Amino acid sequence: MQFIETRGNDGHRPASVSFSQAMLEPMASFGGLYVPERLPALGLPFLEAHRNSDYKTLARAVLDAYAIDIEPAVIDEALARYDDFDDPAQPVPVVRVDDELFVAELYHGPTRAFKDMALQPFGVVLSRLAQARDEHYLILAATSGDTGPATLETFKDQANVKVACLYPDGGTSDVQRLQMVTEDAANLKVIGIHGDFDDAQTALKSLLSSTRFQQALGERDTRLSAANSVNFGRIVFQQIYHIHSYLELVRQGRIAIGDKVYLNVPSGNFGNALGGYYAMKMGLPVEKILISSNANNVLTDWIKTGCYDLRGRDVITTSSPAMDILKSSNVERVLFDLFGAQRTRELMQALDEDGFYQLSEEETAHLQAIFAADHANDEDVASAIRETFEKRGYLIDPHTATCLKAHRNARDQALPDIVYSTAEWTKFSPTIAQALTGKTGAHDIDALKAISEKTGLPIPPMIAALFERPIAQPTVIDKADIESEILAFL
Ligand SMILES: *Cc1c(COP(=O)(O)O)cnc(C)c1O
């Protein structure tokens with residue numbers, strides 16, 4: 001399988017690249033992204049064949065269908081990372097919470113958020129590629145709290161790859177910060193900055209466009225890659241659990257193969273939702289994909305009106321910070337799939353230059369045949385957490401909680417809805433403690449205890465242990481000092 005570019009080809013880059021090239025150098029012509037030249041057609045026979053497959057067998061079959069240029073031994077090693085999840089036999093449990101409400105728990109990996117689903121195997125593949133080519137890579141990450149820990153964890157002690165991770169000091173939960181600053185490995189550098197997540201991201205972007213920085217990397221024989229979901233190497237692993245969750249409902253006797261379901265995805269950069277979209281295009285029987293947002297409801301408006309509109313919007317800080325995003329990078333891959341490269345380039349250019357684009361009526365209808373959406377504000381989220389616990393005895397995190405409004409309002413048929421749970425309650429304990437007890441302002445450790453007391457759920461040992469581990473990464477600096485700090489690390 002070859003990979004092509006969402007905004008067409010500029011005549012300087014190759015007309016198509018292999019999977020490994022797209023993974024190592026994820027930026028395509030005109031600022032576009034790489035996408036598969038066609039999607040594998042899996043269909044119902046594939047689902048039948050994998051009715052009883054375990055997660056890794058299913059994953060291997062999906063990757064085989066893509067015919068990617070990665071050695072089978074490397075794929076096996078990458079998928080073996082799922083053996084370190086809570087239950088190796090069931091890395092993604094699917095839990096029935098209500099008649100038509102099923103929750104696929106994507107957070108049973110080492111850093112307790114769904115980023116592990118893709119980043120765990122991704123880290124193995126990227127480092128083995130770098131080693132095989134005898135090349136050295138720097139991964140730069142700016143994080144609001146989930147991508148950072150997952151990126152550090154996957155590349156820890158991997159040869160030929162270094163990671164520099166920027167986080168806003170004071171802008172993450174204590175658990176998220178501790179997951180980063182207690183990571184002790186020579187190839188990892190964690191940098192807290194004085195500022196918010198936007199400042200971290202802006203600093204990273206200016207670094208990427210700095211010729212002095214590029215030159216310094218060149219002198220150190222180091223190349224840059226990216227581990228965020230602009231990298232198709234992440235997306236490829238984010239299709240598997242959608243198929244798995246559907247088959248889980250089959251195995252649980254809730255549906256028969258061929259029956260339609262909704263997928264309900266708490267969305268920020270749209271990588272998770274894109275994985276569901278690709279699974280649907282490959283033949284998974286999906287009625288619609290429900291997109292759930294928080295108060296940063298640019299995606300919801302886009303799906304309801306066909307207008308993607310950044311004008312007059314600033315990012316709003318919410319209780320679901322991993323979704324505090326306005327420019328959602330993977331929307332572009334949907335535009336490409338629906339409307340082609342020329343139109344995608346036109347639309348993305350309009351967004352850059354004018355701050356918005358408006359799809360035609362026909363295009364909007366096309367979009368709405370696939371997606372429906374709703375958004376939840378912080379009060380909706382708190383009451384969803386409280387009600388789900390009080391009525392169903394089930395604890396959800398604030399991101400997952402945004403999905404309950406779309407579950408009620410955005411379905412037009414009474415079909416099962418698979419809600420993707422993207423984080424464990426332990427990562428956002430102050431918000432959850434407040435929803436359950438009404439008490440505000442607790443530090444994580446007190447919030448964790450309060451939730452544990454209220455719900456009877458134990459604090460997982462790996463989370464409790466974080467508070468005892470020595471701080472290995474104490475650096476907190478001003479934005480102006482980031483470049484020299486990273487160069488000193490290299
Ligand atoms: C990253 C993240 C999301 C958003 O996922 P996208 O694929 O970027 O849309 C939602 N919830 C949590 C907890 C996350 O870490």
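The values are calculated or read from the model by the stated rules, or taken from the named source; none is laboratory data. None of these values were measured; they are calculated from a predicted model. All Cβ positions, even for glycine, are placed from backbone atoms using ideal geometry, and neighbour counts span all protein chains on display. For the accessible areas, the whole protein counts, side chains as well, though only heavy atoms, and no ligand, DNA or RNA atoms are used. Shrake-Rupley method; radii C 1.70, N 1.55, O 1.52, S 1.80 Å.
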inquiry  = Name the residue that is least open to solvent (accessible area, probe 1.4 Å), counting only residues in the range 61-70 that are in a helix (DSSP H, G or I) and closer than 14 Å to GLU37 by Cα.
reply    = TYR66
query = Could you say which residue among LEU347, LEU299 is open to solvent by less than 10 Å² (accessible area, probe 1.4 Å), assigned to a helix (DSSP H, G or I) and away from the ligand (no atom under 16 Å from the Cβ)?
reply = LEU347
remark   = Heads up, the helices (runs of 4 or more DSSP H) in the range 399-479 (entirely inside) with at least 3 residues that are over 25 Å from LEU247 (Cα atoms) and of a type outside the set (Ser, Thr, Tyr) are 429-437, 444-455, 461-466
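Table: residues versus (1) open to solvent by less than 60 Å² (accessible area, probe 1.4 Å); (2) within 21 Å of the chain's Cα centre (by Cα); (3) closer than 26 Å to ALA322 by Cα; (4) more than 16 Å from the ligand (Cβ to nearest atom).
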{"site": "PRO72", "(1), (2), (3), (4)": "no, no, no, yes"}
{"site": "ILE75", "(1), (2), (3), (4)": "yes, yes, no, yes"}
{"site": "LEU79", "(1), (2), (3), (4)": "yes, yes, yes, yes"}
{"site": "ASP86", "(1), (2), (3), (4)": "no, yes, yes, yes"}
{"site": "ALA89", "(1), (2), (3), (4)": "no, no, no, yes"}
{"site": "PHE102", "(1), (2), (3), (4)": "yes, yes, yes, yes"}
{"site": "THR111", "(1), (2), (3), (4)": "yes, yes, yes, no"}
{"site": "PHE114", "(1), (2), (3), (4)": "yes, yes, yes, no"}
request  = Taking the options SER29, SER53, SER16, SER20, name whichever one is polar (S, T, N, Q), touching a Lys or Arg at 6+ places or on another chain (Cβ under 7 Å) and open to solvent by less than 60 Å² (accessible area, probe 1.4 Å).
outcome  = SER29
inquiry  = Can you report the number of residues in the range 239-275 which are within 8 Å of the ligand (Cβ to nearest atom), among the hydrophobic types (A, V, I, L, M, F, W, C) and in a helix (DSSP H, G or I)?
reply    = 2
task = Being crowded, with 21+ Cβ neighbours inside 10 Å and assigned to a loop (DSSP other than H, G, I, E, B) is the filter here, so list the residues in the range 123-157 that pass it.
result = THR143, SER144, GLY145, ASP146
remark   = Of the conditions (1) assigned to a loop (DSSP other than H, G, I, E, B); (2) more than 16 Å from the ligand (Cβ to nearest atom); (3) open to solvent by 10 Å² or more (accessible area, probe 1.4 Å); (4) of a type outside the set (Phe, Trp, Tyr), the single one that LEU204 does not satisfy is (1)
ask   = Would you say THR57 is among the β-branched types (Val, Ile, Thr) and within 16 Å of the ligand (Cβ to nearest atom)?
value = no
ask   = Would a scan of the range 277-294 turn up a residue that is within 11 Å of the ligand (Cβ to nearest atom) and of a type outside the set (Ser, Thr, Tyr)?
value = yes
task = Name the residue, out of ILE459, ILE385, that is buried (at least 19 other Cβ atoms within 10 Å of the Cβ), touching a residue at least 24 places away in the same chain (Cβ under 8 Å) and either within 16 Å of the ligand (Cβ to nearest atom) or within 26 Å of the chain's Cα centre (by Cα) (or both).
result = ILE385
Matching option when the condition is among the basic types (Lys, Arg), at pLDDT 95 or above and under 23 Å from GLN21 (Cα atoms), among ARG220, ARG234, ARG254 = ARG234
query = If you go through the range 280-290 one residue at a time, do you hit one that is in contact (Cβ under 8 Å) with a residue 40 or more places away in the chain and in a helix (DSSP H, G or I)?
reply = yes
ask   = GLN179 fails exactly one of the following numbered conditions: (1) polar (S, T, N, Q); (2) farther than 30 Å from LYS449 by Cα; (3) part of a helix (DSSP H, G or I). What is the number of that condition?
value = (2)
note = When restricted to ASP412, ASP397, the only residue more than 14 Å from the ligand (Cβ to nearest atom), touching a residue at least 24 places away in the same chain (Cβ under 8 Å) and among the acidic types (Asp, Glu) is ASP412
ask   = Is there any pair with a first residue in the range 313-334 that is farther than 10 Å from GLY268 by Cβ and near the ligand (Cβ under 8 Å from one of its atoms) and a second that is open to solvent by less than 30 Å² (accessible area, probe 1.4 Å) and outside any loop (DSSP other than H, G, I, E, B) whose Cβ atoms are under 8 Å apart and which are 6 or more apart or on different chains, and what are they?
value = none
message = Could you go through the range 331-344 and let me know if any residue there is among the basic types (Lys, Arg), open to solvent by 10 Å² or more (accessible area, probe 1.4 Å) and over 22 Å from GLU37 (Cα atoms).
response = no
ask   = Can you spot a residue in the range 351-369 that is of a type outside the set (A, V, I, L, M), within 14 Å of the ligand (Cβ to nearest atom) and either closer than 30 Å to SER173 by Cα or not in a loop (DSSP other than H, G, I, E, B) (or both)?
value = no
